[in-house]
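Working notes for the structure below.
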Amino acid sequence: MTASESTDQYFREAAGIMGLSGNMQKLLLTPEREVKVQVAMEMDNGELATYIGYRVQHNRSRGPMKGGLRYHPEVDADEVLSLATLMTWKTAVVDIPYGGAKGGIQIDARSLSPGELERLTRRFVDEIHDVIGPDKDIPAPDMGTNAQVMAWIMNQYEKYHGFNPACVTGKPVELHGAAGREEATGRGVGLLTIALLEKEEKNIEGARIALQGFGNVGKFAAQYLHERGAKLVAISDAYGGIYNPQGINVPLLTDYVATHKKVLNFPESEAISNEELLTADCDVLIPAAIGGVIVDSIVPHIRAKYIVEAANNPTVPSADRALAKRGIILLPDILANAGGVTVSYFEWVQNRQHFRWDLERVRHELDRKMIDAFETTWSLATEKKVPLRLAAYLVGIGRVGRATALGGY
Ligand code: GLU
């Protein structure tokens, strides 16, 4: 099953319960625009390299389209479409005035020099600047991109359209970025992990957590949870994982990774594989890396009682059903990792008003938005006796569907 087939399957299940007609389902699933462009650039060694850049704009019934830009070897047209669709439901679940989009280039960003990364980014903007913009489609960081890449996007976009900081979010704080944007996805994941445990009358103190991925999302989620007394027993990255049943010292690991670039060989820990991480003895499993990692064969071996999807699309639909059968409670991506796009929204608002918020205000507004969305989803799941993923889709599709019905098409 492809990535878009799996996200569409979640959509269809919810749309069926809502009684949406086949025609309406087709309208809501069909992307408004799919762009595929050539991105050619000169490498440092003088050779010519050509890549394909994608931008999929899925739905704009609730506002300009919004979503990250991913530089990763697994990017393809179908994955970008699936992730764009997820952004439509995600922005609706947290009720921010956007539709969904996503972009990407199939490339390992780590293989590029800073100069190559900059040229690649600028050429991509040259190709898509006409279809993006503060009122059309606003890119942001995702896997393999960061604040520096967003700064280049803004600068290149402005060469065509003039001063326009709201054309992209996740920019450096010194260049029209928002305080708290970098930590936002991880903070939201941490906050909702605690909210979920509280609903189950469980305490975060001493809760054992296994975390897959120690990138921008995983690192901040780990810090947030560690500071509140959780025990991070297993952490992995693309090179492998580490395990310590007494709990990994997250601040020390963060320093260690800053120097060594990977978690492996961190003192007082034992090396584990990524599969061992997913099946580690823990209370909460947090996949915070790539998609499609929780598959059917893993489900019987998962020992966590709770799964919090910090990554986009980490669970395939058949595994999702098997998890529900096993009574494992899963907080879905379109809710759990919505903190990033929420603070992107705050950044866009600040850029448009030319008025900066301090970190305290950003965190306060973020926490409020995330808890509101969580409570809405939790109540609906309880009322309808459905899993949280289905409830989140019901909330998201309901809002997009109502906007479409009110505004027309
Ligand atoms: N790439 C992030 C996501 O998947 C953030 C998107 C944004 O800030 O627009 O939600």
Checklist entry - Once phi is turned into θ = phi - 60°, what whole-Hz ³J(HN,Hα) does the Karplus curve with 6.51, -1.76 and 1.60 give for every residue of the stretch 21-38, x standing for Gly and Pro? => result 5, x, 5, 5, 4, 5, 4, 6, 8, 6, x, 6, 8, 10, 10, 9, 10, 7
Next on the checklist: Given the whole protein assembly as supplied and a 1.4 Å probe, what does the accessible area of Asp8 come to in Å², nearest 10?
Outcome noted: 40
Item to check | lysines whose Cα lies under 30 Å from that of Lys171, excluding same-chain neighbours fewer than 8 positions away | outcome: Lys36, Lys66, Lys90, Lys102, Lys136, Lys159, Lys219, Lys261, Lys262, Lys369
Checklist entry - What does the accessible area per residue of the stretch 1-152 come to in Å², with a 1.4 Å probe and no ligands, DNA or RNA counted? => result 39
Item to check | Top positive-direction residue, dipole computed over the stretch 123-274 with Cβ charges, set Ala147, Ile272, His260 | outcome: Ile272
Checklist entry - Tell me, what is the FRET efficiency for Asp372 and Gln9 to the nearest 0.05, using R0 = 41 angstrom and their Cβ-Cβ distance as r? => result 0.90
Item to check | Difference of contour (0.36 nm per residue) and Cα-Cα distance, Glu34 to Glu74 | outcome: 12.6 nm
Checklist outcome for this item: For the stretch 330-380, dividing by residue count, accessible area per residue (probe 1.4 Å) in Å² works out to 41
Checklist entry - Which of Ile329, Gln212, Val233 sits farthest toward the positive end of the charge dipole of the chain, with +1 on the Cβ of Lys and Arg and -1 on the Cβ of Asp and Glu? => result Ile329
Item to check | Candidates Leu252, Leu330, Leu390: whichever shows maximal mean-square fluctuation once the chain is modelled as a Gaussian network with Cα springs under 10 Å | outcome: Leu252
Item to check | Expected 222 nm ellipticity per residue - DSSP helices of 4 or more, -39500 (n - 2.57), all of the chain, to 500 | outcome: -15000 deg cm²/dmol
Next on the checklist: Given a 1.4 angstrom probe, I'd like the percentage of the accessible area of the chain that is carbon and sulfur, rounded to a whole number.
Outcome noted: 49
Checklist outcome for this item: Checking the stretch 202-282 for trypsin sites (Lys or Arg not before Pro) in a loop per DSSP with at most 13 other beta-carbon atoms within 10 Å yields Lys261
Next on the checklist: Using a Gaussian network model on the chain with a 10 Å cutoff between Cα atoms, which of Gly115, Gly340, Gly292 fluctuates the most?
Outcome noted: Gly115
Checklist outcome for this item: For the stretch 167-218, the per residue accessible area (1.4 Å probe, Å²) is 35
Checklist entry - What is the magnitude of the charge dipole of the chain about its Cα centre, with +1 placed on the Cβ of each Lys and Arg, -1 on the Cβ of each Asp and Glu, and no other charges, expressed in debye to the nearest 20? => result 1080
Next on the checklist: Counting other C-beta atoms within 10 Å, and keeping those with at most 11, which DSSP coil GluC sites (Glu not before Pro) do you find in the stretch 1-57?
Outcome noted: Glu47
Next on the checklist: Using Cα springs under 10 Å in a Gaussian network model of the chain, which residue among Tyr239, Tyr71, Tyr54 shows the largest mean-square fluctuation?
Outcome noted: Tyr239
Checklist entry - Just how large is the dipole of the stretch 110-267 about the Cα centre, in debye to the nearest 20, putting +1 at every Lys and Arg Cβ and -1 at every Asp and Glu Cβ? => result 400
Checklist outcome for this item: Projected onto the charge dipole of the stretch 27-137 (unit charges on the beta-carbon of Lys, Arg, Asp and Glu, signs +1, +1, -1, -1), the Cα from Gly103, Ser61, Pro73 with the largest positive-side position is that of Ser61
Checklist entry - Once the whole set of protein chains is in place, how much accessible area is left on Tyr243, using a 1.4 Å probe, in Å² to the nearest 10? => result 50
Checklist entry - Which net charge results for the neighbourhood of Ala151, defined as the other residues with beta-carbon distances under 10 angstrom from its beta-carbon, given Lys and Arg at +1 and Asp and Glu at -1? => result -1
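The values are calculated or read from the model by the stated rules, or taken from the named source; none is laboratory data. The structure displayed is predicted, hence computed values, not measured ones. In this analysis, Cβ positions are derived from the backbone assuming ideal geometry, glycine residues included, and neighbour counts consider all displayed protein chains. Keep in mind that these areas ignore ligands, DNA and RNA; they rest on the heavy atoms of the full protein, side chains included. Shrake-Rupley method; radii C 1.70, N 1.55, O 1.52, S 1.80 Å.
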